[in-house]
Amino acid sequence: MMKKMIAALCLIVSGTAHSTMIGVSGNFINFGPTVYESREDGSVWQWLDLTVTNGISYKSLVADLADNNLLDNSSPLNGSAGAVADVIGLYDSYRGGWSTVSDTSVVNMFNSFFGLSLVDDQIYNFNRNVEIVNDFIKAFGDTYHEGFCNDTNSCPVDVYPQSKNSGYTYGRTSSHSFTLQSGRYNEAANVFDGYYRNLGGDSNFDLINTGLSSHVKSTYAATGTWLVREVKPANEAQPVSEPATALLFAVSLVAIGLRRKRHLSS
């Protein structure tokens, strides 16, 4: 009985882990509010979902990280109440070690995920309704719908709910583009589903915008900030993976349950 239960748990956990592998080479895993990226050098990096930082000022996020390297609102966050709640509501394990990244770093991640050879300040058009674009937006966060629906309570009307209008991921980088009287603008690297505006027909191409023409103000409601942290350096001994940890935990619960049953029946 014990062996059958363990085997069943193995199948469930391994199947779940396999289904979350995304990207052209399966080198990304969507896990909770983060996405793991396995790189060619053997390192593993973790990207924070853009919906967590969506609607928060870039400068205030940097200030919050600067004093103790934690997303903990130690420096007052500039954003709507819903947006700030997303940051301060993070579990402790998701608070530390994050860094902002340049346009180039995000472009390298795009290239790995989509199997492309993009350069900074490039716009790349896909065909319409490309499934891998939807996979990316679901994993890294739909800042369009989350920003307006959850953070500002001005949700756009979904005229065609049956459509694949998965929105877009729109994230600021540490690269600055130009300075105006109102302040300095950060560039943003983003991925768009051409149907995000709930149009009657998907007449717009899915696309990637890697920076130059994406200048955003720090208070833009549907824009997050790209944050990443290294969780396994290159050439380090392989740690126990998240799915394996979940399996061990599940098996332990089964063992405790069987032991308790035997104790009660004796």
Output the number of residues of region 65-77 satisfying the condition of being open to solvent by 40 Å² or more (accessible area, probe 1.4 Å) and either in contact (Cβ under 8 Å) with a residue 12 or more places away in the chain or not in a loop (DSSP other than H, G, I, E, B) (or both).
8
Residue tally, condition open to solvent by less than 70 Å² (accessible area, probe 1.4 Å) and at pLDDT below 80, over region 179-200
6
Are any of the residues in region 236-249 on the phi < 0 side of the Ramachandran plot, at pLDDT 65 or above and buried (at least 22 other Cβ atoms within 10 Å of the Cβ)?
no
Going by the structure shown, is residue 83 small (Gly, Ala, Ser), modelled with pLDDT of 90 or more and either surrounded by 18 or more Cβ atoms within 10 Å (Cβ to Cβ) or touching a Cys at 6+ places or on another chain (Cβ under 6 Å) (or both)?
no
Unmet criterion (only one of (1) buried (at least 18 other Cβ atoms within 10 Å of the Cβ); (2) under 15 Å from the mean Cα position of the chain (by Cα)) for residue 138
(1)
Inside region 103-133, can you point out the residues that are open to solvent by less than 50 Å² (accessible area, probe 1.4 Å) and among the aliphatic types (A, V, I, L, M)?
106, 107, 109, 116, 118, 130, 132, 133
Filter region 151-168 for residues that are under 20 Å from residue 136 (Cα atoms) and touching a helix residue (DSSP H, G or I) at 6+ places or on another chain (Cβ under 8 Å); the one that is modelled with the highest pLDDT is 168
Inter-residue pairs, beta-carbon under 6 Å, first closer than 15 Å to residue 65 by Cβ and touching a residue at least 60 places away in the same chain (Cβ under 8 Å) and in region 78-98, second of a type outside the set (A, V, I, L, M, F, W, C) and not in a loop (DSSP other than H, G, I, E, B), 6+ apart
78/60; 97/229; 98/229
Restricting to region 91-102, give me the number of residues that are surrounded by fewer than 16 Cβ atoms within 10 Å (Cβ to Cβ) and touching a helix residue (DSSP H, G or I) at 6+ places or on another chain (Cβ under 8 Å).
1
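The values are calculated or read from the model by the stated rules, or taken from the named source; none is laboratory data. Source: prediction; values computed, not measured. Using ideal geometry, Cβ is built from the backbone for each residue, glycine included, and neighbour counts are taken over all protein chains shown. These accessible areas exclude ligands, DNA and RNA; they are computed on the full protein's heavy atoms, side chains included. Shrake-Rupley method; radii C 1.70, N 1.55, O 1.52, S 1.80 Å.
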